[in-house]
1. Would the range A:138-148 turn up any residue that is of a type in the set (Lys, Arg), out of contact with any strand residue (DSSP E or B) (no Cβ under 6 Å at 6 or more places or on another chain), surrounded by 21 or more Cβ atoms within 10 Å (Cβ to Cβ) and in contact (Cβ under 8 Å) with a residue 12 or more places away in the chain?
2. What number of residues within the range A:137-158 are outside any strand (DSSP E or B) and either more than 17 Å from the chain's Cα centre (by Cα) or more than 9 Å from RNA strand B (Cβ to nearest atom) (or both)?
3. List every residue pair whose Cβ atoms lie under 8 Å apart, where the two residues are 6 or more positions apart in sequence or sit on different chains, the first residue falls within the range A:445-457 and is within 11 Å of A:ILE387 (Cα to Cα), and the second residue, located anywhere, is part of a helix (DSSP H, G or I).
4. Restrict the check to the range A:281-289 and report whether at least one residue is open to solvent by 30 Å² or more (accessible area, probe 1.4 Å) and within 14 Å of RNA strand B (Cβ to nearest atom).
5. Here is a check on your reading of the model: is A:SER251 open to solvent by 20 Å² or more (accessible area, probe 1.4 Å) and assigned by TED's automatic domain parsing to the domain that holds A:PHE107?
6. Which pairs have Cβ atoms under 7 Å, sit 6 or more apart or on different chains, and link a residue in the range A:314-333 that is closer than 10 Å to A:ARG109 by Cα to one that is within 16 Å of RNA strand B (Cβ to nearest atom) and at pLDDT below 90?
7. Looking at (1) farther than 19 Å from A:LEU103 by Cβ; (2) in the same structural domain as A:ASP150 (by TED's automatic domain parsing), which is the only condition A:PHE38 fails?
8. For A:LYS55, state whether it is basic (Lys, Arg), open to solvent by less than 40 Å² (accessible area, probe 1.4 Å) and part of a loop (DSSP other than H, G, I, E, B).
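The values are calculated or read from the model by the stated rules, or taken from the named source; none is laboratory data. Just so it is clear, the model here is predicted, and its values are computed rather than measured. Note that we place each Cβ from the backbone using ideal geometry, even for glycine, and neighbour counts take in every protein chain shown. All accessible areas refer to the heavy atoms of the entire protein, side chains included, with ligands and DNA or RNA removed. Shrake-Rupley method; radii C 1.70, N 1.55, O 1.52, S 1.80 Å.
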Amino acid sequence: MAVNTTIPKGTRDFSPIEMLRRNYIFDIIRKVFQKYGFMPIETPAMENLTTLLGKYGEEGDRLIFKILNSGDFMSNVNCDDKESVTSTKITNKISEKALRYDLTVPFARYVVQHQNEITFPFKRYQIQPVWRADRPQKGRYREFYQCDVDVIGSNSLLNEIELIQIIDEVFQNLGLAVIIKLNNRKILSGIAEIINESSKIIDITVAIDKFEKIGLEKVNEELLSKGISPEAVKKLQPIILLSGSIEEKISNLKSVLNSSEIGLKGIEEIEKIIDYTKKIELQTCIDFDLTLARGLNYYTGAIFEVKAKDHEIGSICGGGRYDDLTGIFGLKNVSGVGVSFGADRIYDVLLGLNKFNDNIENSTEIMFVNFGDLEIEKLCLSHLVSIRKQGISAELYPESHKMKKQFDYANNKKIPFVAIIGENEKQKGVIMLKNMTTGEQNETSLKELINILTNRK
RNA sequence: GUGGGGGUAGCUCAGUCGGUUAGAGCAUCAGAUUGUGGUUCUGAGGGUCGUGGGUUCGAGCCCCAUUCUCCACCCCA
């Protein structure tokens with residue numbers, strides 16, 4: 001019986017060309033991670049629901065994919081008081097597992113669970129898919145890969161610097177022009193503190209973030225509508241309008257925040273990071289962006305966001321410092337910092353800017369044509385062994401189809417060379433080597449053939 | 001959760017004022033060509049027009065509902 005061949009909203013199949021391109025991205029990222037001394041781990045696709053809930057803010061909780069309990073999942077539900085059963089209440093009874101929403105929280109759980117095996121500071125990277133029950137749109141998927149690098153168990157700002165170097169090197173290697181935006185949650189806390197609205201930091205930063213998009217007036221309207229007092233909004237004006245060079249912004253902020261200990265601490269951190277970056281030959285430009293907020297609740301210090309310069313798609317990399325994520329799982333005083341590369345968005349940007357090189361798209365380098373002759377097939381098989389021993393990918397067409405069909409196959413797979421051994425070649429003991437780009441063909445020996453293909457690399 | 005566009009062949013899309021048998025390009029297969037492809041030519045297969053109802057002598061087209069999808073907001077990689 002025929003069934004609709006569709007896949008769930010926001011998910012995608014990846015065909016060979018797409019996979020080759022994706023692997024190219026993953027390979028670059030992985031190599032850089034390893035170069036800086038990070039070690040790989042993986043965690044399960046699903047976590048206990050309680051591990052994930054409450055870590056990402058209210059919006060985040062809503063976007064977590066829950067997994068229905070196995071067996072008689074309704075047995076815990078009391079249907080008598082149906083009226084009082086809300087979907088959140090019922091969720092806790094019928095679901096105790098969920099698909100991971102990001103890699104950072106599962107990592108924190110991993111660190112606590114394996115704390116006795118881990119030597120701190122622990123540098124790990126993790127490249128795996130995550131799932132969000134968001135409404136899909138351009139650059140937004142329900143299943144996508146994150147490539148996380150984190151250092152946990154070290155307060156040093158050298159880690160922040162190292163992450164900036166990694167970001168710089170990854171995008172350098174990908175040939176992508178980006179801008180790194182930097183901010184610090186402590187500064188945001190300081191701002192909220194001096195205007196006496198500490199509980200509203202998130203609302204304030206989200207509103208300030210829209211300044212460039214909607215203008216000062218609308219930002220103020222939004223602030224008031226979120227219940228922030230008119231006096232506080234008034235005090236915020238110089239902060240919203242803050243501009244100039246990084247140094248100017250910092251010195252202005254220093255005077256605005258001079259009564260806030262936490263705010264000044266944040267500025268000190270930013271200053272130190274900026275100072276360090278002058279020593280690391282950075283290719284990417286860095287911007288101190290006070291409007292950068294980041295929705296995730298657990299950030300406490302530096303926050304990062306990376307945007308592509310020539311392509312509009314939202315952030316392609318983001319992260320920050322979290323002082324107490326492991327505390328929730330029972331391990332206190334362990335601070336971590338990390339960033340996450342959004343492989344799928346990076347893919348979209350590279351594709352949009354036409355930055356994928358053709359040479360990552362072919363796999364087989366030479367194909368032997370099949371004439372259906374048993375003796376020749378055996379000859380081809382032994383040739384293939386020799387060729388593959390040299391690390392050259394080669395294949396024999398498995399059917400004795402018409403030449404046209406076999407050549408079409410080679411063309412579609414972008415195989416650059418075809419080897420032909422028919423009766424004539426067999427008699428003469430040669431191989432007809434055809435260059436599929438130029439159309440030229442010459443009789444060669446196996447040795448010569450291997451030479452040609454090896455020198456081509 | 002809020003708002004807008006769309007659904008016609010495997011893919012991308014035309015389809016006039018509501019009018020006979022719903023089209024094109026690409027892709028696939030076959031032939032021109034029994035040892036030479038990608039560029040040529042010829043032909044073929046492929047459709048419950050998202051689904052359900054309504055208006056009409058007649059609906060791919062108009063109306064209602066529903067579903068899926070894309071885009072924007074919110075938020076985010």
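1. Checked against the condition, which is being of a type in the set (Lys, Arg), out of contact with any strand residue (DSSP E or B) (no Cβ under 6 Å at 6 or more places or on another chain), surrounded by 21 or more Cβ atoms within 10 Å (Cβ to Cβ) and in contact (Cβ under 8 Å) with a residue 12 or more places away in the chain, the range A:138-148 yields no hits at all.
2. So the first thing to find is which residues in the range A:137-158 are outside any strand (DSSP E or B), and the list is A:138-139, A:141-142, A:153-158.
Remaining after also requiring either more than 17 Å from the chain's Cα centre (by Cα) or more than 9 Å from RNA strand B (Cβ to nearest atom) (or both): A:153-158.
Within the range A:137-158, residues that are outside any strand (DSSP E or B) and either more than 17 Å from the chain's Cα centre (by Cα) or more than 9 Å from RNA strand B (Cβ to nearest atom) (or both) number 6.
3. Between residues of the range A:445-457 that are within 11 Å of A:ILE387 (Cα to Cα) and residues that are part of a helix (DSSP H, G or I), the close pairs are A:LEU446/A:HIS383; A:LEU446/A:SER386; A:LEU446/A:ILE387; A:LEU449/A:ILE387; A:ILE450/A:SER386; A:ILE450/A:ILE387; A:LEU453/A:ILE387.
4. Here is the first cut: in the range A:281-289, the residues open to solvent by 30 Å² or more (accessible area, probe 1.4 Å) are A:281-283, A:285-287.
Then drop every residue that is not within 14 Å of RNA strand B (Cβ to nearest atom), which leaves none.
No - not one qualifying residue is present in the range A:281-289.
5. On the way: open to solvent by 20 Å² or more (accessible area, probe 1.4 Å): yes; assigned by TED's automatic domain parsing to the domain that holds A:PHE107: yes.
Yes: the conditions hold for A:SER251.
6. Once the first residue is closer than 10 Å to A:ARG109 by Cα and sits in the range A:314-333, its partners that are within 16 Å of RNA strand B (Cβ to nearest atom) and at pLDDT below 90 give A:LEU325/A:TYR298.
7. Unmet for A:PHE38, out of (1) farther than 19 Å from A:LEU103 by Cβ; (2) in the same structural domain as A:ASP150 (by TED's automatic domain parsing): (1).
8. Values: basic (Lys, Arg): yes; open to solvent by less than 40 Å² (accessible area, probe 1.4 Å): yes; part of a loop (DSSP other than H, G, I, E, B): yes.
The answer is yes for A:LYS55.
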